[in-house]
Amino acid sequence: MINETKRDVLADAVDALADAQASGGNIGHQDANLFMAKYEKALPDDLPVIPKAISEYIKNLRKYHRDLVDVFGMVRDLGITRTEPTGVLVWVTNNIDTFAHAWLLGVWRVEETGEIVKLEAEK
């Protein structure tokens with residue numbers, strides 16, 4: 001799994017260009033094409049940051065083929081019944097956009113550890 005962000009790839013390209021200029025060489029089209037291919041595969045810079053408990057919650061829901069509608073339904077039901085949310089649903093209720101962004105991207109950064117979690121594509 002590649003955990004480089006687009007910014008990481010850009011920094012590598014700038015460093016390579018600076019090294020080439022310092023040594024009297026330059027970067028050719030082949031090198032540029034390699035960096036562009038790497039950039040294309042890189043993760044977005046603005047990954048959602050979510051707590052570890054939410055990360056585990058998403059992984060478990062996806063593992064059992066639940067969908068985003070299931071989660072939003074639980075949040076909606078809490079609003080209808082005026083039930084105070086508990087556990088992970090407190091965070092989801094208060095951070096619904098971040099939760100949805102992480103869910104849809106299938107990749108996020110864990111708040112406590114900085115680890116990048118990337119869900120495997122379904123087969």
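The values are calculated or read from the model by the stated rules, or taken from the named source; none is laboratory data. Computed from a prediction, not measured in an experiment: that's the story for all the values here. Note that we place each Cβ from the backbone using ideal geometry, even for glycine, and neighbour counts take in every protein chain shown. SASA here: full protein model, heavy atoms, side chains in, ligands and nucleic acids out. Shrake-Rupley method; radii C 1.70, N 1.55, O 1.52, S 1.80 Å.
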What is the residue count in segment 62-78 for residues that are aliphatic (A, V, I, L, M), surrounded by fewer than 16 Cβ atoms within 10 Å (Cβ to Cβ) and under 24 Å from Ile116 (Cα atoms)?
-> 1
Filtering segment 76-93 down to residues that are in a helix (DSSP H, G or I) and at pLDDT 65 or above yields Arg76, Asp77, Leu78, Gly79, Val88, Leu89, Val90, Trp91, Val92, Thr93
Kindly provide the set of residues from segment 50-59 that are out of contact with any Phe, Trp or Tyr (no Cβ under 7 Å at 6 or more places or on another chain) and open to solvent by less than 80 Å² (accessible area, probe 1.4 Å), ordered by number.
-> Ala53, Glu56, Tyr57, Lys59
Checklist (1) free of Cβ contacts under 8 Å to residues at least 40 places away in the same chain; (2) open to solvent by less than 60 Å² (accessible area, probe 1.4 Å) applied to Lys41, failing item | (2)
When segment 2-19 is checked residue by residue, the ones that are of a type outside the set (D, E, K, R) and either modelled with pLDDT of 80 or more or on the phi > 0 side of the Ramachandran plot (or both) are Thr5, Val9, Leu10, Ala11, Ala13, Val14, Ala16, Leu17, Ala18
What number of residues within segment 17-38 satisfy the criterion of being in contact (Cβ under 8 Å) with a residue 24 or more places away in the chain and not aromatic (Phe, Trp, Tyr)?
-> 1
Give the number of residues within segment 1-53 that are closer than 30 Å to Val92 by Cα and small (Gly, Ala, Ser).
-> 2
Which one of these is in a helix (DSSP H, G or I) and touching a strand residue (DSSP E or B) at 6+ places or on another chain (Cβ under 8 Å): Lys59, Lys38?
-> Lys59
State which residue pairs qualify: first residue closer than 12 Å to Ala53 by Cβ and hydroxyl-bearing (Ser, Thr, Tyr) and inside segment 81-98, second residue modelled with pLDDT under 90 and in a loop (DSSP other than H, G, I, E, B) in any location, beta carbons under 6 Å apart, and separation of 6 or more residues or different chains.
-> none
